[in-house]
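Structure first, then comments.
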Amino acid sequence: MEKLEIILEGCRAAKRKYQELLYEQYYDFALKIVFRYIYNYEEAAEVTNDGFVKFFLSLDKFVIEKEGNIGKMLGGWIRRIMVNTAIDLLRKKMMLPEIGGIPDAVWEMEDNGPSAEQKLIYKELVVLIKNLPPEYRIVFNMHVIDGYKHLEIAEILGIPVGTSKSNLMRARALMKNFVNQKEQLSSCRI
């Protein structure tokens, strides 16, 4: 992780070379996060880039409090910035559902994370989440996938905590229906 520390110090010093290294290393990760909220490729890429601008402008606020995995801490911080940037766009658009598909090439992007089976499950989950109404989809993404608590979701979205909980409950019910429908379709094909 010494390399990552050097890259972060270079970014803090606003050295373009290090900013490009960090951007290239985390771009695919960030884009996949944004895709859970914004399904139009061009808009998602733009939001991802806006998120990196915010990241670089606020890098001095990223503090490594204790020894540990800097990569995981940095990934969590980038995730939070990307989620907030995506939500800002949705709020600006009054949370209208996006139109457009996710190009298959996005799923082929190299990610040093989960196995092929986990990637397939993740892809299927994202496709199902896309079918949720926007207000349910956002809360589902924030709570289930990104790990936000209802109080945090309520503060970020400007909604009551009860609405966050209610939207999550309804999103889970819809997701369960989507999965059941998908299973029924699969069993009919066999």
Unique match (being among the hydrophobic types (A, V, I, L, M, F, W, C), modelled with pLDDT under 95, closer than 16 Å to V126 by Cα and open to solvent by 10 Å² or more (accessible area, probe 1.4 Å)) among W77, W107: W107
The stretch 3-25 residues that are loosely packed, with under 11 Cβ neighbours inside 10 Å, paired with ones that are part of a helix (DSSP H, G or I) and of a type in the set (F, W, Y) (beta carbon under 7 Å, 6 or more apart): none
Tally of residues being part of a helix (DSSP H, G or I) and surrounded by 16 or more Cβ atoms within 10 Å (Cβ to Cβ) across the stretch 136-162: 15
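The values are calculated or read from the model by the stated rules, or taken from the named source; none is laboratory data. None of these values were measured; they are calculated from a predicted model. Don't worry about glycine lacking a Cβ; one is built from the backbone with ideal geometry, like all the others, and counts go over all protein chains shown. For accessibility, only protein heavy atoms count, side chains too; no ligands or nucleic acids. Shrake-Rupley method; radii C 1.70, N 1.55, O 1.52, S 1.80 Å.
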